[in-house]
Every structure is written in C-alpha cells, then in structure tokens.
1. For the structure I just gave you, tell me whether A:LYS11 is within 12 Å of chain B (Cβ to nearest Cβ) and touching a residue at least 60 places away in the same chain (Cβ under 8 Å).
2. Looking at the range B:112-129 only, could you name the residues that are among the β-branched types (Val, Ile, Thr) and within 15 Å of B:SER151 (Cα to Cα)?
3. Determine whether B:VAL73 is part of a helix (DSSP H, G or I), in contact (Cβ under 8 Å) with a residue 40 or more places away in the chain and more than 24 Å from B:ASP213 (Cβ to Cβ).
4. Looking at the range A:52-79 only, could you name the residues that are in contact (Cβ under 8 Å) with a residue 12 or more places away in the chain, open to solvent by less than 70 Å² (accessible area, probe 1.4 Å) and β-branched (Val, Ile, Thr)?
5. Every residue in the range B:180-202 that is within 12 Å of the chain's Cα centre (by Cα) and not in a loop (DSSP other than H, G, I, E, B), please.
6. Would you mind finding the one in B:ALA66, B:ALA26, B:ALA4 that is open to solvent by 20 Å² or more (accessible area, probe 1.4 Å), touching a residue at least 12 places away in the same chain (Cβ under 8 Å), of a type in the set (A, V, I, L, M, F, W, C) and out of contact with any strand residue (DSSP E or B) (no Cβ under 6 Å at 6 or more places or on another chain)?
7. Where in the range B:85-127 are there strands (runs of 3 or more DSSP E), lying wholly inside it, with at least 1 residues that are under 21 Å from B:ALA191 (Cβ atoms) and more than 14 Å from chain A (Cβ to nearest Cβ)?
8. So, in the range A:48-77, how many residues would count as being away from chain B (no Cβ under 12 Å) and touching a helix residue (DSSP H, G or I) at 6+ places or on another chain (Cβ under 7 Å)?
Amino acid sequence: MARVVVDVMPKQEILDPQGQAVASALPRLGFEGISEVRQGKRFELEVAADVDDETLSRIAETMLANPVIEDWTVRREEA
Amino acid sequence: MTVATGARIGVVTFPGTLDDVDAQRAVRRAGAEPVALWHGDHDLQGVDAVVVPGGFSYGDYLRCGAIAKYSPVMTELVLATGRGLPVLGICNGFQVLCESGLLPGALTRNAGLHYVCRDQWLRAENTTSTWSTRYEPGAEVLIPVKHGEGSYVADEDTLDELESSGRVLFRYVGGNPNGSRRDIAGITDTAGRVAGLMPHPEHAVDPLTGPTDDGLGMFLSALDALVTA
C-alpha cells in the first residue's frame, strides 16, 4: 500500500469566492500581509502497489477534479 | 385544463433529489404522463423525454452532480441523448448534465457566497430549442431560483461559441443572482434537444403555488416537439 495525495485547486481564471472571503477576513482578525487566498481540496488515497500513475491520473481527471474549472496534481507520499 | 397527449416524460430521482414531485406535476399539467425513473435503473422505460430535476443528488458530495453522473440511469441517459432523446436539466439537474459532459461548462459557488432564493426575471434568448419554442424571442419571464452553486462558468472560447451559435437559452435580467458569466441562466447542446438551466420552471406552472405560470412553456414546448415528431 502507498499513500497518494491528490490536490485539486480552482483554475487561476476561475473566481474563488470562498478563498476571497477567507482573504478578506484575515485583516479583520489582525493577520496582515496576506494578499490572496485560494481554496481547494486535498484527497488522500491508500493505493495498492500495482496501481500505476496513469490510473491515478485518470481517477483525478474523471472523478476527483472537474477539468473545466479545476487543476489537479497527483503525488505519491514517501513512507 | 390538461390535454392528454400520450407523451411520456421521465423524471429522474437520485438520493437527495428534491424537486422530482414538482417536476412530475409540471409534466402532468402540460399534458404528458410523468414516469418516475430511479437512479439505479438501467432502463429508461421507453420515455419520450427526460427531466433531471433539482435537489442535492448524493448530498452534493465531491461536487454538485459529480457522483450522479456515474449512476446507472445517467449512463442510459447519455446513450439515449445520442439517439436524440430530449433532456431538460433543472438546477442540480443542470449541474449533472454539465458534469456528464452533455452540456459545456460548469456551475460554481455563487459569487456572493450566499444561497439565493427568489423570483428571478429571465429573458428568453433561444426560442428554437426543443424546450423553448413556446417563448417569444426576447420575452421576459418570472421564474424562481434557489441555489448556492449556480454561477455558470466556461472558458471564453466556449462562451463565444454558445453566443454565436444561439445556444444561450435564458439570461438573467434585473440582476444576476450568482455571478454567472455573461448573465447566462441556461444553455442547450448543439442540437437544441438537451437543455439545462438553474432557475426552476417546474415551480412556475400554476399562479396558485408559484409567481407565474411562465415555466409551463418549457414543458409545452417539448410536448409540441414530441407530438409533431
């Protein structure tokens, strides 16, 4: 088994109102110097040894992310 | 008032669907027989058209409509659209059709982050699709919206193509409730048979229970197409 992490982020050109809301709340809480926040999703998959990278990419592209609005990255975590 | 046409229109229910009963009522009121289709069905029961109604299919887990696209009934539906089956996706149904690739683009979180529930003016843009022939071009109609993730987005090329090919079905007027690009409330596929919109025509079929009966025209339009076909 290996742990695979898939990060899914809204594309840069897609409005991210949730990230904007977080960014605008930070100064109100006294945190200065944060100019932008973008909010995404992180998936952690426990994967059998014989699952190849191509399969993981297909999982990310067809299910975990919507490529119309989101970018994704897949990486295997070192044990 | 209802004229029976003999047409049968399927209404899909996923776990978490809310508006299937209203959609069935709208179908009946327009003069067709509603046929309940369950998400696990591998068979569309020979219906003449399908409505994918609103709600929160599979709890909106992952993304709105993302799990629904893998349901058996959607697999059948996608195949049937290839044979010309008319399909209307309303609200969550619109999200499901976009996730399934039957319609371009995607629906994202409302720009204002708030869930919006109000009666909304729309302008009919495309009046030649299967679902919109009963509307006069440019007609303004009042139909409820109620959603938290209804901001229509697509890349600029796709938006330009939708505009130039006349595939924008309705546009928001008198205020854009969700930040949709170019005020787009609904679109159709290239053939004009598959349509999706965020507002709820099935909630506007009877002045007793809705703001108007302006939504009935979408169902009547489809029936016109089915009866003359």
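The values are calculated or read from the model by the stated rules, or taken from the named source; none is laboratory data. This one's a predicted model, so the numbers in the text were calculated from it and none came from an experiment. Cβ sites come from the backbone with ideal geometry, for glycine too, and all protein chains shown count toward neighbours. To get the accessible areas, we keep the full protein, side chains included, count just its heavy atoms, and leave off ligands, DNA and RNA. Shrake-Rupley method; radii C 1.70, N 1.55, O 1.52, S 1.80 Å.
1. Yes; evaluated as a whole, the condition is true for this residue.
2. Across the range B:112-129, the qualifying residue is only B:VAL116.
3. Yes: the conditions hold for B:VAL73.
4. Scanning the range A:52-79 gives A:ILE59, A:ILE69, A:VAL74.
5. B:ALA185, B:GLY186, B:ILE187, B:THR188, B:VAL194, B:ALA195, B:GLY196, B:LEU197, B:PRO201, B:GLU202
6. B:ALA4
7. So the answer is B:87-90, B:116-124.
8. 2
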